[in-house]
Amino acid sequence: MTHTAFNRRTFCGATLALVLASPGQAQVKSLGDAINKAGRQRMLSQRMGKAWMSLGMGIQVDAARRVLDQSMALFDRQLTELKAFAPSGETRDTYQQLEASWSGYKTLLVGAAPSQTQGKPLLEQSGKVLALAHKGTALYEQQSGKPSARLVNVAGRQRMLSQRMAQFYLASAWNVDSAVSQREITKARDEFIPAMELLRNAPEATPEIRETLALADGQWVFFDNALKTRANSAKTASDVFVSSENLLQVMDGVTSQYARILG
């Protein structure tokens, strides 16, 4: 399957519910599962910001509202699971800090209707949540000590980067801190491309993983083309929103595949 198999409406029916909500475990089962879910929190921090920007712009309104609601619920649930799984010490402290930062972010996300004046504070708070979620993921990777743990972390980070690029594209299109937004898109893109090579060439990459990564490559072409469009039209913003969801869906699958190898 190539990227042409996904059109602008592909994700809207399920809104990634099958992929992102399917690990409906009541608890974290293993370190591989912990790294996957901890990394997914990073992604959700950016995905929620993307949905908020989309709502403010009046782009993909129904889908963006579903994405925001489902992402907030999933973040809450996984935070509870990760806190319960976290050992004492730095990991537990990190998740307590994340819980406090998440409370502030949640207030910005749903406390009032999205507005341009609140765009910059929201981006700053999403960055704080992202940083703590990333720290938690790295601590779980260190706890494992296995080479495959890094691959779960890197694959999971690709999910986040897909949403970060989309969030900042929409922010720039909405004239929210445009210069910073453009720099962040470039930084994320420069990280995303070599990370795909690392995942593809890893000794642990099975034929199934490489097949999924090939699908991700096709989705990346479509997403990257949308990101490079500077027309700032409603259609382009919609294309960025949808193509970022399609790429996320595939990379979530890659992350789960690597997590199963880790166990």
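The values are calculated or read from the model by the stated rules, or taken from the named source; none is laboratory data. These numbers come from a predicted model, not from an experiment. Counting neighbours? That spans all protein chains shown, and the Cβs are built from the backbone with ideal geometry, glycine included. Side chains are part of the model used for accessible areas, which takes the heavy atoms of the whole protein and leaves out ligands, DNA and RNA. Shrake-Rupley method; radii C 1.70, N 1.55, O 1.52, S 1.80 Å.
Just wondering, is there one or more residues in region 203-225 that are open to solvent by 10 Å² or more (accessible area, probe 1.4 Å), of a type in the set (A, V, I, L, M) and under 20 Å from residue 124 (Cα atoms)? No, there is no match, as no residue in region 203-225 is open to solvent by 10 Å² or more (accessible area, probe 1.4 Å), of a type in the set (A, V, I, L, M) and under 20 Å from residue 124 (Cα atoms). Being open to solvent by less than 70 Å² (accessible area, probe 1.4 Å), free of Cβ contacts under 8 Å to residues at least 12 places away in the same chain and farther than 18 Å from residue 55 by Cβ is true of residue 145. Residues of region 31-72 that are over 20 Å from residue 120 (Cα atoms) and in contact with a Gly (Cβ under 8 Å, 6 or more places away or on another chain): 31, 32, 35, 36, 38, 39, 40, 41.
Exactly one residue among 230, 260, 200 is open to solvent by 60 Å² or more (accessible area, probe 1.4 Å) and free of Cβ contacts under 8 Å to residues at least 60 places away in the same chain, and that residue is 230. Residues that are of a type outside the set (S, T, N, Q) and either at positive phi or touching a residue at least 60 places away in the same chain (Cβ under 8 Å) (or both) within region 94-118 comprise 105, 109, 114, listed in sequence order. For residue 176, the conditions (1) in a helix (DSSP H, G or I); (2) open to solvent by less than 10 Å² (accessible area, probe 1.4 Å); (3) over 20 Å from residue 250 (Cα atoms) are fulfilled apart from (1).
Please find, among 164, 150, 159, the residue that is out of contact with any strand residue (DSSP E or B) (no Cβ under 7 Å at 6 or more places or on another chain), within 25 Å of residue 195 (Cα to Cα), open to solvent by less than 10 Å² (accessible area, probe 1.4 Å) and among the basic types (Lys, Arg).
Values: 164 fails: open to solvent by less than 10 Å² (accessible area, probe 1.4 Å); 150 fails: open to solvent by less than 10 Å² (accessible area, probe 1.4 Å).
Answer to the selection: 159.
Condition check for residue 182 on (1) at pLDDT 95 or above; (2) part of a helix (DSSP H, G or I): one failure, at (1).
For residue 108, the stated conditions hold: it is open to solvent by 10 Å² or more (accessible area, probe 1.4 Å), touching a Pro at 6+ places or on another chain (Cβ under 7 Å) and either among the basic types (Lys, Arg) or in a helix (DSSP H, G or I) (or both).
Candidates 117, 94: the one that is touching a Gly at 6+ places or on another chain (Cβ under 6 Å) and assigned to a helix (DSSP H, G or I) is 94.
Scanning region 41-92 for residues that are among the charged types (D, E, K, R) and farther than 22 Å from residue 234 by Cβ, we see that the one that is surrounded by the most Cβ atoms within 10 Å (Cβ to Cβ) is 42. Residues of region 136-181 that are over 18 Å from the mean Cα position of the chain (by Cα) and among the polar types (S, T, N, Q): 142, 143, 144, 148, 172, 175, 178. Regarding region 50-57, can at least one residue be identified that is among the small types (Gly, Ala, Ser), under 23 Å from residue 254 (Cβ atoms) and free of Cβ contacts under 8 Å to residues at least 40 places away in the same chain? Yes, some residue in region 50-57 is among the small types (Gly, Ala, Ser), under 23 Å from residue 254 (Cβ atoms) and free of Cβ contacts under 8 Å to residues at least 40 places away in the same chain.
Taken over region 218-263, the criterion of being closer than 17 Å to residue 151 by Cα and charged (D, E, K, R) is satisfied by 252, 260. When region 233-249 is filtered for residues that are open to solvent by 10 Å² or more (accessible area, probe 1.4 Å) and over 13 Å from residue 170 (Cα atoms), only 249 remains. The test for being of a type in the set (Lys, Arg), in a helix (DSSP H, G or I), touching an Asp or Glu at 6+ places or on another chain (Cβ under 9 Å) and closer than 19 Å to residue 171 by Cβ does not hold for residue 135.
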